[in-house]
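The structure appears right after this line, and notes come after that.
Rule-based calculations on the coordinates, nothing more; no lab input. Since this is a predicted model, take the numbers as computed values, not measurements. Neighbour counts are summed over all protein chains in view; Cβ atoms, including those assigned to glycine, are modelled from backbone coordinates with ideal geometry.
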Amino acid sequence: MTNFPGAQPETEDARHEAIVCVRLKTTVAGSYLLDHLRAQPYVVAAWWIAADIDAVVLLSAPSMRALHRAVDDLRMLGGAQAADAHMVLRKMSLATRR
């Protein structure tokens, strides 16, 4: 496999990550989503957004299956009208070479 410049080396404990844009149903309060995110094991971070979407959530799971399940849970249990996942394929190492 080709390594991209600045890509971190693959490790045995590589995680599958996704950035998910969430738009809440109009009948769902933001506090409901917040409570849901706090209870989820694969949520790394989340941000409120003042735009067409309500929040952005960073998920990190040990497998693609677990990651898909976490996104589906946002849709079915987190009160999301829409949850669009954008995969993070590989982190870039921003450290400079010396």
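Quick notes on this one:
- Note on semi-axes √(5λ) of the Cα gyration tensor in Å: of the candidates (i) 29, 15, 11; (ii) 22, 14, 13; (iii) 29, 24, 8, the value calculated from this structure sits at (i).
- With the helix formula -39500 (n - 2.57) applied to DSSP H stretches of n ≥ 4, the chain reaches a computed 222 nm mean residue ellipticity of -7000 deg cm²/dmol.
- Other residues with beta-carbon under 13 Å from the beta-carbon of residue 81 carry, at +1 per Lys or Arg and -1 per Asp or Glu, a net charge of 0.
- Net charge, residue 41 excluded, C-beta distance under 13 Å - Lys, Arg +1, Asp, Glu -1: +2
- Phi angles across the range 23-34 convert, under the Karplus curve 6.51 cos²θ - 1.76 cosθ + 1.60 with θ = phi - 60°, into 3J(HN,Hα) values of 10, 6, 5, 5, 8, 10, 7, x, 5, 5, 4, 4 Hz, Gly and Pro given as x.
- Per-peptide average of other Cβ atoms within 10 Å, ordering 28-36, 15-23, 45-53 highest first: 15-23, 28-36, 45-53
- The chain, relative contact order [Cα under 8 Å, separation at least 6], %: 42
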